[in-house]
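Step one of this worksheet: look at the structure below.
Bear in mind these aren't lab numbers, they're just calculated from the coordinates by the rules spelled out. What you see is a predicted model; the values in this text were computed from it and never measured. Note that each Cβ is placed from the backbone with ideal geometry, even for glycine, and that neighbours are counted across all protein chains shown.
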């Protein structure tokens, strides 16, 4: 009988982070559709289309990442790095240029962004984790 190896905690946490961001953005997409009229009436610009489009885009990227990891594709590592950097940039471009009103907790948000992006980079680039980003039986 083939013994299935457990994923290390650091890889599991990374997968959970991708899953949480994917679910969060799918909720944004669903909300932009279900509450379109309310968002058009009360929400600031750019409105429900922007919320839905960005939610759909990041949901698709998250699903691609989860699927590629489960399938064990070799390009998963590079896509994780690119997606992590792009998502961090997107968050801050959105905060600085779209929402244009920084909240009082922006230092916490910035620190959280740096820590999560740093964690992603360290886990993905750690040579000990390379085997978990390559073709294998799950």
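With springs only between Cα atoms under 10 Å apart, run a GNM on the chain and tell me which of 96, 64, 19 wobbles the most. With Cα springs under 10 Å in the chain, the top fluctuation among 96, 64, 19 is at 96.
Could you work out which residue, out of 111, 125, 29, moves most in a Gaussian network model of the chain, that is, has the largest mean-square fluctuation with Cα springs under 10 Å? Evaluated over the chain, the most mobile residue of the options is 111. Short-range pairs are left out: with C-alpha atoms under 8 Å and at least six residues apart, the relative contact order of the chain is 29 percent. Distances between every pair of Cα atoms in the chain, grouped in 10 Å steps from 0 to the bin holding the largest one, split as 11, 36, 31, 16, 6, 1, 0 percent. Cβ-to-Cβ counts within 10 Å put 14, 39 in ascending order as 39, 14, the fewest first.
With N as its number of residues, the range 12-83 has a Cα radius of gyration that, divided by 2.2 N^0.38 Å, comes to 1.29.
Ranked by how many other Cβ atoms sit within 10 Å of their own Cβ, fewest first, the residues 54, 120 fall in the order 54, 120.
Of the residues 89, 124, the one with the fewest other Cβ atoms within 10 Å heads the list, and the complete ranking is 89, 124.
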